[in-house]
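The values are calculated or read from the model by the stated rules, or taken from the named source; none is laboratory data. Since the structure is predicted, the reported quantities are computational estimates derived from the model, not experimental observations. Note: ideal-geometry Cβ built from the backbone for every residue, glycine included; neighbour counts use all protein chains shown. Quick note on the areas: whole protein, heavy atoms, side chains included, nothing else; ligands and nucleic acids left out. Shrake-Rupley method; radii C 1.70, N 1.55, O 1.52, S 1.80 Å.
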Amino acid sequence: MGFNDKSALDAMGHFHSESMRLTERIHRTDFGHMEFQITVDDPKTYTKPVTIHVNYRLLPDTELIESFCTEGEKDLDHMRGQ
């Protein structure tokens, strides 16, 4: 996901160590829906892994666009997809 030792884990500024392991799982539950699961495991920083579930509704005749943050990205509106 483009993390390095200078990056924050998220837009809120949560930190991480070099031991962080990030696991993303994407599951298309049916024709119009997708589940996105993110697990952060960083035993040097947090006491247990944290998992976040996000559900998306897929719209007809649209594309899923891959994106990533670059080092020093400060555009919070861009990160929110607005």
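Looking at (1) modelled with pLDDT of 80 or more; (2) open to solvent by 60 Å² or more (accessible area, probe 1.4 Å); (3) among the charged types (D, E, K, R), which is the only condition D75 fails?
(1)
Determine whether D42 is in contact with a Pro (Cβ under 9 Å, 6 or more places away or on another chain) and at pLDDT 90 or above.
yes
Could you list all residues from region 26-70 that are of a type in the set (K, R) and surrounded by 10 or more Cβ atoms within 10 Å (Cβ to Cβ)?
R28
Can you find, within region 40-58, the residue that is nearest to the chain's Cα centre (by Cα) among those that are touching a residue at least 12 places away in the same chain (Cβ under 8 Å) and either part of a loop (DSSP other than H, G, I, E, B) or under 14 Å from H14 (Cα atoms) (or both)?
So in region 40-58, the residues touching a residue at least 12 places away in the same chain (Cβ under 8 Å) come out as 40-45, 51-58.
Those left that are additionally either part of a loop (DSSP other than H, G, I, E, B) or under 14 Å from H14 (Cα atoms) (or both): 40-45, 58.
Working: V40: 9, D41: 13, D42: 15, P43: 19, K44: 20, T45: 18, L58: 18 Å.
That would be V40.
Per-residue answers, yes or no, for (1) within 29 Å of H16 (Cβ to Cβ); (2) not acidic (D, E):
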position	(1), (2)
I26	yes, yes
F36	yes, yes
T39	yes, yes
D42	yes, no
T45	yes, yes
H53	yes, yes
Y56	yes, yes
D61	no, no
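Only one of (1) of a type in the set (D, E, K, R); (2) open to solvent by less than 80 Å² (accessible area, probe 1.4 Å); (3) part of a loop (DSSP other than H, G, I, E, B); (4) modelled with pLDDT of 90 or more is not met by D10, so which one is it?
Here D10 meets the rest and fails (4).
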